[in-house]
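Remarks on the structure that follows.
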Amino acid sequence: MRKPIIGANWKMHKGTPSEAEEMLVEFIPMVKDIKNVDIVIAPPYTAILKTLDTVKNTTIKVGAQNMYYEEKGAFTGEISPSFLKKIGCQYVILGHSERRNIFNETDELINKKLKKALDNNLIPIVCIGEHLEEREKGNTKNVIKNQFNLTFDGIRKEQLKKIIIAYEPIWAIGTGRTATPEQAEEIHVFIRKIVEDEYDKDTAEQVRIQYGGSIKPSNAKELFNKVNIDGGLVGGASLQAESLYQIIKAAEK
Ligand code: PGA
């Protein structure tokens, strides 16, 4: 059985050490008895060290929201995978739609980052998802297939099993408009079928596919009850300890 995983994507919030610590000090005791859900907090870079320090001796893991694919050099403003790994991060979010849309990241760039993250033993959480116009034109599955093929190009089976895929319909992110559990499940089944076709059944059964887009305590349970939804990537509702805890509770199987 796949273990559900909840990622807290803080985006550009709680970027000071004290803001991160304040949230985590409230959150950590709430989740101390949660056993069968992986929990990953992805704060802004400036709060990563404080987050790592605050969650040490807990089962909570820490991730970054982005990285570059080079190890070091003249890349002003960028952060390398080995920096993240060496300070203790275990996860990295790649290809979030805000990276794609605001910062023009392409599938090809995300593919390069993905390979480097894996080389550095970071667990990538790779986001894919369609725009509203694409869904309305009935193109969702084509878009997903195309993103999958380009983003995961050259990724081996053993690598894919470690990757977390996040299906995040762009029209549902930060909009309050959640995909229905049926809409999400349909695409999760579709992604799993792509994995089966491109790799094999065993890989398809093992790979964890999260849903992301306006997850809240009030809709989390019905989403996570779907067989192919293995937890979620949570933005807005991950900023408060209580709502993040409620979402994690809803993911317990
Ligand atoms: P949201 O963000 O929960 O605020 O919609 C999700 C995400 O962007 O990962």
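Please treat every number below as a calculation from the coordinates, not as lab data. Here the structure is a predicted model, which is why all the values come from computation and not from measurement. Virtual Cβ from ideal backbone geometry, glycine too; neighbours counted across all protein chains shown.
Numbers below:
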{"read-out": "FRET efficiency for residue 142 and residue 162, using Cβ-Cβ distance with R0 set to 25 Å, rounded to 0.05", "value": "0.40"}
{"read-out": "Order of 10, 171 under a 10 Å beta carbon neighbour criterion, fewest first", "value": "171, 10"}
{"read-out": "Filtered trypsin sites (Lys or Arg not before Pro), the range 70-161: DSSP coil and at most 14 other beta carbons within 10 Å", "value": "72, 137, 156"}
{"read-out": "Extension gain (nm, one decimal) between residue 12 and residue 131, 0.36 nm per residue minus Cα-Cα", "value": "40.6 nm"}
{"read-out": "Cβ-derived FRET efficiency at R0 25 Å, residue 87 paired with residue 240, nearest 0.05", "value": "0.45"}
{"read-out": "Length released on extending from residue 76 to residue 36, taking residue separation times 0.36 nm less the Cα-Cα span", "value": "10.4 nm"}
{"read-out": "Neighbourhood charge, 14 Å Cβ-Cβ cut-off, centred on residue 71 and excluding it, Lys, Arg +1 and Asp, Glu -1", "value": "+4"}
{"read-out": "Given charges at beta-carbon only (K, R positive; D, E negative), |dipole| of the chain in Debye", "value": "480 debye"}
{"read-out": "Within-13-Å neighbourhood charge of residue 113 [Cβ basis; K, R +1; D, E -1]", "value": "-3"}
{"read-out": "Net charge, residue 188 excluded, C-beta distance under 13 Å - Lys, Arg +1, Asp, Glu -1", "value": "-1"}
{"read-out": "Listed residue (55, 43, 69) projecting farthest to the positive dipole end of the range 42-97, Cβ model", "value": "55"}
{"read-out": "Mean-position separation - Cα centroids, the range 207-253 and the range 60-113, in angstrom", "value": "23 Å"}
{"read-out": "Amide N proximity, the range 157-197 versus residue 225 label position 7 Å along Cα-to-Cβ, cut-off under 12 Å", "value": "181-182"}
{"read-out": "Cα shape, the range 103-228, gyration tensor, a/c 1.5 rule", "value": "prolate"}
{"read-out": "Whole-Å semi-axes of the range 5-251's equivalent ellipsoid (Cα gyration tensor)", "value": "25, 22, 17"}
{"read-out": "Average Cα contact separation per residue, the chain, under 8 Å, 6 or more apart, as relative contact order %", "value": "22 percent"}
